Amino acid sequence: MNSASSPMRRNAPVFDVEAVRREFPILGTSVHGKPLVFLDSGASAQKPRAVIEAISRVYETGYANIHRGVYQLSQVATEAYEGARAKVQRFIGAASPGEIVFTKGTTEAINLVASSYGARFLKAGDEVVLSVLEHHANIVPWQLLRERLGIVIRVVPVDAGGAFRMDEYERLLNARTKFVAVTQTSNALGTMPPVAEIIRMAHGVGAAVLIDGAQGIVHEAVDVKALDCDFYVFSGHKLYGPGGIGVLYGKERLLEAMPPYQGGGDMILSVSFEKTEFAPPPARFEAGTPPIADAIGLGAAIDFLNGLDRLAIAAHEAALLDAASARLGAIPGLKIYGTARPKAAIVSFTLDGVHPHDIGTILDHEGIAVRVGHHCAQPVMERFGIPGTVRASFGLYNTIDEVEALARGLEKVREIFG
Ligand code: PMP
């Protein structure tokens, strides 16, 4: 890459989206003979060459199982895997690598916390506060825990614009509230609850807090120490990294006190049929052979993002959101759900008289990839009395031209449906 057009320059005055796009090979491909317009990064983001090459390099020259081998290749792989953990630690401002547990993704991380923290710290009658914005991944694990323990789930509603109702949240908090689990950014609407304030208020009644950062970490820098959340979870595949790898951040003293989530190799100090001693965190929560190359690939995705100016990315995404909100909002019969600010570059909408699936199919023929349906967030769809929406979710590589392509595609949908 030529340095004059490099997206890697720090503090570049203008975010060079064309240079960034060249780092993502898939963005140069076509769908149905049309250039790909990828507007589904909220579901899973595309990967830069640096991530693809890092994974290939592991398998070509640096792969072996970790933590076990005395031979050099195993030590190289172990160092790279643990190096990725240290990159995650620095990326989110955790106090030590021991606070970073690699999981399969956000879903597994939340299940781990519900199951393990729940077993150790929660009992029948304790209240867990969620919001109506939550992804199913931050609802169902708590329902499973309710079946096991008899905890009570309380739900914070949203207003007509999709904003988290702080007044209702305040009303729900009480001495029985033991845990609060909320999303940093709604994947279905894009709206962003004020998590710092939510955490502060939860701590005020002695409750621990998990922040679902699956969408949030993609759009803004995160500092878990400044936030003071007890747990923070995210997925590599939405952060321009590989699939199959995610992160659970937990405060050390909490992870220390939590029992294992799964048993197996690599999470023990010693095993006999009479008694097994567990390893300290994070190993305690990483039973079995982990996705080694994917963890290293996540480290490469973090390096890639660190090489960019994240404030410039945020400004670029804000411009995309403003352009999409204005352009789509002007299409007759189009209704946007989730208008409250702040919000991430996600636009969820319906078009009068046209089923979201038909819209998605017609757009696909224009080369435009959007998500349609309930977005694994049925409660918030129900809140607005709709079965689903069309969702355009933007990544750092999207352009204003692509917003225009989406709008033209939607105008075509309107013509077809008359
Ligand atoms: N929470 C949110 C807010 C999400 O957007 C998603 C993914 N759509 C998840 C949780 C689940 O993430 P994963 O499927 O990577 O485990």
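The values are calculated or read from the model by the stated rules, or taken from the named source; none is laboratory data. Because the structure is predicted, anything quoted here is derived from the model rather than measured. A quick note on method: Cβ atoms are made from the backbone with ideal geometry, for glycine too, and the neighbour counts reach across all protein chains shown. The accessibility values were calculated without ligands, DNA or RNA, using every heavy atom of the protein model including side chains. Shrake-Rupley method; radii C 1.70, N 1.55, O 1.52, S 1.80 Å.
Each other residue within a Cβ distance under 15 Å of G125 adds +1 if Lys or Arg and -1 if Asp or Glu, for a net charge of +3. In region 53-306, the DSSP beta bridges split such that about 45 percent are antiparallel, to the nearest 5. Determine one quarter of the surface area of the Cα convex hull of the chain, which equals its mean projected area, and express it in nm² to one decimal. Taking a quarter of the hull surface, the average projection is 21.8 nm².
What do you reckon, how do S56, S131 stack up by accessible area (1.4 Å probe), largest on top?
Working: S56 50, S131 5 Å².
Per-residue accessible area, sorted high to low, gives S56, S131.
Report in % the part of the accessible area of region 53-306 that belongs to carbon and sulfur, leaving out ligands and nucleic acids; probe 1.4 Å.
Numbers: 5190 of 9820 Å².
Heavy-atom surface of region 53-306 belonging to carbon and sulfur, 1.4 Å probe: 53 percent.
If you take all other residues with their beta carbon under 14 Å from the beta carbon of E197, and give Lys and Arg +1 and Asp and Glu -1, the sum is -2.
Over the chain, accessible surface divided per residue gives 41 Å², non-protein components excluded, 1.4 Å probe. Cross-link partners for K34 among the aspartates and glutamates, with Cα-Cα distance under 16 Å and sequence neighbours closer than 8 places in the same chain left out: D364, E366, D401, E402, E404. Using just its DSSP H runs of length 4 or more, each adding -39500 (n - 2.57), the chain gives a mean residue ellipticity at 222 nm of -11000 deg cm²/dmol after division by all residues. Of the chymotrypsin sites (Phe, Trp or Tyr not before Pro) in region 71-100, the ones in a loop by DSSP (not H, G, I, E or B) with at most 16 other beta carbons within 10 Å are Y71. Positive end of the dipole of the chain (Cβ unit charges, origin at the Cα centre): among T191, H357, V247, the Cα lying farthest that way belongs to V247. Centroid-to-centroid, using Cα positions, region 297-338 and region 144-168 are 28 Å apart.
Sorted from longest to shortest, the spans of the Cα atoms of region 230-277 along the three principal axes equal 44, 23, 13 Å. Using 21 Å as the Cα-Cα cut-off, could you pick out the over-long pairs in K47/K225; K87/K225; K87/K238? Table pairs above 21 Å Cα-Cα are K47/K225.
Ordered by 1.4 Å accessible area with all protein chains kept, F24, F417 run largest first as F417, F24.
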